[in-house]
Amino acid sequence: MNTTPPSWTAACKRPTRSAKSSPPSGTGCTPRYSRAAPKCPRPCFLLKTTSEAASDLIDAFQKEKASLEQFRTELEKAVAKLSENDPPRPLIFFIDELDRCRPSYAIELLERVKHLFDVPNMVFVLSIDKKQLEAITAAVYGERIDAPEYLRRFIDLDYALPAPHTKNYTRELIKRFEFKEFFDARKQYPELAYDYNSFVEAFTLLAGLFGLSLRARERCLTRLAVVVTQTPPNNYLDPIVLSLLLVLRINRPDLYTGLISGSLAPRELMNDLRKIPAASEFSVSRISTVLETYLIVGDVDRERGEQVLKDLQELAKEQSDTNQVIRAKEILNMKSNISGRWNFSIKTVANKVEIAVKLGDDY
């Protein structure tokens, strides 16, 4: 019998002993124990697999690096051909609204622009909300990152555009959305002739009161496009009330819902508006008086609206010059100017706004 002990690795198990083992065929000897195959946890295989994986990663990295270097070389040649003019002209790319992208995508794009397209005579112009882009950076890398310093890696020169004249911007939006023809057609009707001016004035004032961004104002005008299609040239648009509802629907949906449901009284809403820090111009404006009058007349709760008018009539009888008395007289005087609108309802205007919202902002 061969009694030479087997050769084991340190990680393998000892052989399994067996008290009774069948002898090999054709022999008459009975071995004292049998030798089982060693069971190894495959450390050599794992080492080989890890080594191959690392090698594959290095190969892939080297191939990608070579590919990127070739890309940059070809890109430099292409840009150089464009710059052969006298004087040389750079190739300029504009990237707009990067701050509206998914945070990880926005940062990845910046890094790719920096590392792939950093070649002579190639310029990238980013149109961004810098504060928002800084917030995106913090969302990706954590709040402790110095976002402004990080962004300086990508932005060589920044320039802040001056705030536009808000009323001119409203006019420009109306022109861009081609509403001018709609408003011009209304000028043949005396009661509708001033709808254009009323909308420009009211929307600009209310958008400023709530601090709407230029982008939010554009969304309001997108929704106005749907409202316009629902309003024939000889029908009331109610531009001042419409302006309020468009602004509230985007900026303060809680106030909007309360107003059209009747849970928020018009006078309560007006008091809330006057409490806004930027309300000084709004509070003393003609728009404020017209708006409050229409909201009272068109209150969803008709009984409440009629009671408010009665209270204002009693208040106007007082022989004093308090702000409340003066305001009551102004509202009643304005009410007499819209005496033909007793069927006016806030909900009628709100229904058009809701259709615009349901159709979507990409109308």
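When peptides 343-349, 196-202 are ranked by their average number of other Cβ atoms within 10 Å per residue, the highest-first order is 196-202, 343-349.
Among 145-152, 248-255, how do they line up from the highest to the lowest mean number of other beta-carbon atoms within 10 Å?
Working: 145-152: 14.1, 248-255: 17.0.
Answer by packing, highest mean first, reads 248-255, 145-152.
Descending by average beta-carbon neighbour count within 10 Å, the peptides 273-279, 331-337 line up as 331-337, 273-279, the highest first.
Suppose the Debye formula is applied to equal point scatterers at every Cα of the range 166-359; what is log10 I(q)/I(0) at q = 0.08, 0.14, 0.15 Å⁻¹? For the range 166-359 at q = 0.08, 0.14, 0.15 Å⁻¹, log10 I(q)/I(0) is -0.25, -0.80, -0.92.
With 25 Å as the limit, write out which pairs from K167/K187; K187/K352; K63/K114; K180/K275; K175/K352 have Cα-Cα distances beyond it, or answer none.
Values: K167/K187 21 Å; K187/K352 22 Å; K63/K114 20 Å; K180/K275 34 Å; K175/K352 21 Å.
Those over the limit are K180/K275.
For the range 56-151, what does the alpha-carbon gyration tensor say about shape, rounded, prolate or oblate, given a ≥ b ≥ c as the root eigenvalues, a/c under 1.5 as rounded, and a/b over b/c as prolate? The shape class here is oblate.
A short reminder: the numbers here are calculations on the coordinates, not readings from a lab. Computed from a predicted model, the values in this text were never measured in an experiment. Cβ atoms come from the backbone with ideal geometry, glycine included; neighbour counts cover every protein chain shown.
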